[in-house]
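The values are calculated or read from the model by the stated rules, or taken from the named source; none is laboratory data. Remember, predicted model here, so these are calculated numbers, not experimental data. Note: ideal-geometry Cβ built from the backbone for every residue, glycine included; neighbour counts use all protein chains shown. Surface areas here come from the heavy atoms of the whole protein model, side chains and all, with no ligands, DNA or RNA. Shrake-Rupley method; radii C 1.70, N 1.55, O 1.52, S 1.80 Å.
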Amino acid sequence: MDSQADQPSGGGADPPGGSQSGGDQPWGATPPPDSGQQWGGPPQPGGDQPWGGTPPPESGQPWGGTPQPGGDQYPGQPPIIAGTGTGPSRIRPGRIWYLVPVLLILGGIASVVFGFVSLSSTVDSFARVPLPAGGTITLNHSGGYVVYYEGPGASSGQIPRFNVRIAPAAAIGSLRTYAGTVNYTIGTRQGRAVLTLQVVHPGKFLVEASGAGAAPVGSDLAFGQSLGGAIVGIVLPTIGLIFLGVASWILLFVIRLTRTRRARAQGY
């Protein structure tokens, strides 16, 4: 009797994990050829990308990888911009401002040097007659003059007693003792103001000094302008400039110290 043998259970079946042509694919089995992706294998070009897999080339960023330059980072969130710190703020006023007090102090020193050089030239230009001989001098303008005794010890008040006569008397308004104390020591010259003279008409004058025989050798009578005003004109600007220089230096130091402490307290 013709009969077909019974197929054993499972006989002729594909091995486990295999696939039947046209049959359903088990999870983890190889997908059909027309599928763009293996279920558990590496992604295939053109196939749908599983979550966590490698994105297609046209994608700007991998799903779970390191962000790529120029790609979108997190959709819906603003980009993170790194802060660019400006560093600690500069303390004002800057140290260059310390040049101002330095220049003021140097200006004061230059003023006193220039002033005394000018004073020396002024003293050298005085008209003089020797003592005790006397002599003739020329006074070029009318007005007030100061007569100075020049000789050893003059600046300390060591002046011999003598009388002075000036002719012609008609050209002289007055001749009086100097009120006050003005003395100078410039180079080898020592002088002290002894008389004031008012000249009505400028010109030549004869000067005689009676009783000046005790005057040291090399002593003179010098006729010139008042040095009191000239000395004040030198000293006041010098003191003013130096004072301003020191005061401005102290002010700058206090301001910078205060602002530095404030910046440190604010954490800069």
- Message: Against the condition open to solvent by 20 Å² or more (accessible area, probe 1.4 Å), on the phi < 0 side of the Ramachandran plot, touching a helix residue (DSSP H, G or I) at 6+ places or on another chain (Cβ under 9 Å) and of a type outside the set (Gly, Ala, Ser), how does Arg192 come out, does it pass?
- Response: yes
- Task: Give just the number: which of (1) open to solvent by 10 Å² or more (accessible area, probe 1.4 Å); (2) touching a Gly at 6+ places or on another chain (Cβ under 8 Å) does Val207 not satisfy?
- Result: (1)
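Check whether at least one residue in the range 131-145 is under 21 Å from Val232 (Cβ atoms), under 55 Å from the mean Cα position of the chain (by Cα) and either open to solvent by 60 Å² or more (accessible area, probe 1.4 Å) or hydroxyl-bearing (Ser, Thr, Tyr) (or both), and report yes or no.
yes
When the residues of the range 160-180 are narrowed to those that are hydrophobic (A, V, I, L, M, F, W, C) and surrounded by 15 or more Cβ atoms within 10 Å (Cβ to Cβ), which ends up farthest from Gly218 (Cα to Cα)? Even if it seems obvious, please write down each step before you answer.
Taking the range 160-180 first, the residues hydrophobic (A, V, I, L, M, F, W, C) are 162, 164, 166-167, 169-172, 175, 179.
Applying the additional criterion that residues be surrounded by 15 or more Cβ atoms within 10 Å (Cβ to Cβ) yields 162, 164, 166, 171-172, 175.
Working: Phe162: 16, Val164: 17, Ile166: 21, Ala171: 28, Ile172: 27, Leu175: 24 Å.
The extreme case among them is Ala171.
If I ask for residues that are under 45 Å from the mean Cα position of the chain (by Cα) and open to solvent by less than 30 Å² (accessible area, probe 1.4 Å), which ones from the range 210-229 would you list?
Leu227, Gly228
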- Residue in the range 94-114 that is open to solvent by 70 Å² or more (accessible area, probe 1.4 Å), closer than 28 Å to Val217 by Cα and part of a helix (DSSP H, G or I) present: no
- Task: Check off (1) open to solvent by 40 Å² or more (accessible area, probe 1.4 Å); (2) in contact with a helix residue (DSSP H, G or I) (Cβ under 7 Å, 6 or more places away or on another chain); (3) of a type in the set (A, V, I, L, M) for Val254 and give me the number that stays unchecked.
- Result: (2)
- Query: Looking at (1) open to solvent by 50 Å² or more (accessible area, probe 1.4 Å); (2) farther than 30 Å from Gly108 by Cβ, which is the one condition that is false for Asn183?
  - Reply: (2)
